[in-house]
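To start, the structure itself, in structure tokens.
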Amino acid sequence: MSDLLERVTTFRATFARRQAAETTELRGAFTVHDPDFSHSQEHNQLIVDASDADPAALPELATQGLGPRQQYRITVLDGALGERATPVLTAAGYDRDAQLILARETSGCALPEPAAHPVELAELRTAVFRQQLDWGLDEGLARQLTERRTARMRGAEKVLFLAVRTPDGEIAAWADLYLDRTSGLAQLEDLVTAVPHRKQGHGDTLLATGLALAAAAGIPQLFLIADVTDWPREWYSCRGFTELGRSYSFLNR
């Protein structure tokens, strides 16, 4: 594991612990739990942050740490361990998703014109909730996946919600930006353009703004997570991001 990838892995584990309402430390892993967002897999899961954990023990650790749940999510931060765990967890009834960890330097990045701007959750809430409903989620789940941003605000030294507005003031696109000068890392997360406003360059505006704000804060590297099978990996590659490694998430059927 490269030094940068190791720092990213540590940041991700630390972020998860800091935003959690409750944590349970286990052998080679920990669980995060938040009863206010019980339907959010992000906030109720087993996170494996050791590289030598026993794959066969992970389902039992998830049950031990989280108690009874309809589904259990297991996130393995170490790519090599995730590969070793795949056949074991598949046999135990889990499906796997692979995530790419992409990063680039922020040096020389300047704010675009126009730029995205930080907004309060109160300003963002309606747009995010509407998009969740447009994706077919029921109202209760959509509400939790919108409001869970209140927990994310605890995750890093500085958490910003960036938004791009239309000329008439409507929020058209948004993303989370996590800034952590101690680790020298920034993360851009949950970049979304609302369906009616796609193909207008809003994603580029959010990305360029995030890079510029990280550079202005003295943070030399920005990373993000992209699905291995989805189109954004190519989009980010064309914008200077390179692959650091992979992590894996498993969800039981």
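The values are calculated or read from the model by the stated rules, or taken from the named source; none is laboratory data. Quick caveat: nothing in here was measured; it's all calculated off a predicted structure. Cβ coordinates were reconstructed from backbone atoms using ideal geometry, including for glycine residues, and neighbour counts include every protein chain displayed. Ligands, DNA and RNA are excluded from the accessible area calculation, which covers all protein heavy atoms including side chains. Shrake-Rupley method; radii C 1.70, N 1.55, O 1.52, S 1.80 Å.
Taking 30 Å as R0, compute the FRET efficiency from the Cβ-Cβ separation of Thr23 and Asp190 and round it to 0.05. Intermediate values should be presented prior to the final figure.
Working: r = 22 Å, r/R0 = 0.73.
It comes to 0.85.
Which one of Thr182, Gly155, Val128 has its Cα pushed farthest toward the positive end of the charge dipole of the stretch 124-201, where Lys and Arg give +1 and Asp and Glu give -1 at the Cβ?
Thr182
Just to be sure I understand the rule: take each whole DSSP H helix in the chain, project its Cα atoms onto its long axis, keep it if the span is 15 Å or more and its mean Kyte-Doolittle hydropathy is at least 1.0. Which ones pass? Numbers along the way, then the final one.
Numbers: long enough: 3-19 (24 Å, -0.56); 79-91 (19 Å, 0.42); 121-134 (19 Å, -0.12); 202-216 (21 Å, 1.02).
Helix filter hits for the chain: 202-216.
Got a number for carbon plus sulfur as a percent of the stretch 21-70's accessible area, 1.4 Å probe?
Whole-percent figure for carbon plus sulfur exposure: 44.
If you roll a 1.4 Å probe over the stretch 114-228 with all protein chains in place, what percent of the accessible area is carbon or sulfur? Please report the intermediate quantities before stating the final value.
On the way: 2580 of 4950 Å².
Taking all protein chains in place, the stretch 114-228 shows 52 percent carbon and sulfur surface.
Using alpha-carbon pairs under 8 Å, 6+ residues apart, how would you state the relative contact order of the stretch 113-253 in percent? Display every interim value, and only then the final one.
Numbers: 175 pairs, mean separation 27.5, N = 141.
Worked out over the stretch 113-253, it gives 19 percent.
What is the dipole size for the stretch 120-208, taken about its Cα centre, with +1 at each Lys and Arg Cβ and -1 at each Asp and Glu Cβ, in debye to the nearest 20?
On the way: 12 positive and 14 negative charges, 25 e Å.
For the stretch 120-208, the charge dipole is close to 120 debye.
Val228 to Ala122: FRET efficiency via 1/(1 + (r/R0)^6), r the Cβ-Cβ distance, R0 35 Å, to the nearest 0.05? Mind showing how you got there, number by number?
Values: r = 35 Å, r/R0 = 1.00.
The calculated FRET efficiency here is 0.50.
Remind me, relative contact order of the stretch 1-131 in percent, using alpha carbon pairs under 8 angstrom and six or more residues apart?
17
With the cut-off at 1.5 for a/c, could you classify the stretch 1-50 from its C-alpha gyration tensor as rounded, prolate or oblate? Could you put the intermediate results ahead of the total?
On the way: a/c = 2.69, a/b = 1.89, b/c = 1.42.
It is prolate, given that a/c is not under 1.5 and a/b is the larger ratio.
Add -39500 (n - 2.57) for each DSSP H run of 4 or more in the chain, then divide by its residues: what number comes out at 222 nm, to the nearest 500 deg cm²/dmol? Write down the numbers at each step before the final one.
On the way: 8 runs with 87 residues, N = 253.
Mean residue ellipticity, 222 nm, calculated: -10500 deg cm²/dmol.
Give me the accessible area per residue for the chain, probe 1.4 Å, as a whole number in Å². Don't jump to the answer; show the numbers that get you there.
Values: 11960 Å² over 253 residues.
Per residue, the chain has an accessible area of 47 Å².
Taking square-rooted eigenvalues a ≥ b ≥ c of the alpha carbon gyration tensor, is the stretch 1-100 rounded, prolate or oblate, where a/c under 1.5 means rounded and, failing that, a/b exceeding b/c means prolate? The partial results should precede the final answer.
On the way: a/c = 1.70, a/b = 1.11, b/c = 1.54.
Verdict is oblate for the stretch 1-100.
Kindly state, to the nearest 0.05, the FRET efficiency for Ala80 paired with Arg181, given R0 = 25 Å and r defined as their beta-carbon distance. Could the numbers behind the result be given before it?
Working: r = 30 Å, r/R0 = 1.19.
Taking R0 as 25 Å, the efficiency between Ala80 and Arg181 is 0.25.
Can you sort Thr150, Thr31 by 1.4 Å-probe accessible area, starting with the largest? Before the final figure, lay out the partial values.
Working: Thr150 60, Thr31 0 Å².
Ranked from most to least accessible, the order is Thr150, Thr31.
Compute log10 of I(q)/I(0) for the stretch 122-228 with the Debye formula, placing one identical point scatterer on every Cα and leaving out solvent, at q = 0.13, 0.20 Å⁻¹, to two decimals.
Summing over Cα pairs of the stretch 122-228 leads to -0.50, -1.11.
For the chain, set up a GNM with springs between Cα atoms under 10 Å and report which of Leu185, Leu137, Leu77 has the largest fluctuation.
Looking only at Leu185, Leu137, Leu77, the biggest GNM fluctuation is shown by Leu137.
Using bins 10 angstrom wide from zero, how does P(r) for the stretch 32-148 break down, in % of all Cα pairs?
Bin by bin from 0 Å, the calculated values are 11, 29, 29, 24, 7, 0.
Using only the alpha carbons, work out the radius of gyration and Dmax of the stretch 104-185 in angstrom.
14.6, 43
Taking the Cα centre of the chain as origin and charging only Cβ (+1 Lys, Arg; -1 Asp, Glu), how large is the dipole, in debye to the nearest 20?
Details: 26 positive and 35 negative charges, 17 e Å.
It works out to roughly 80 debye.
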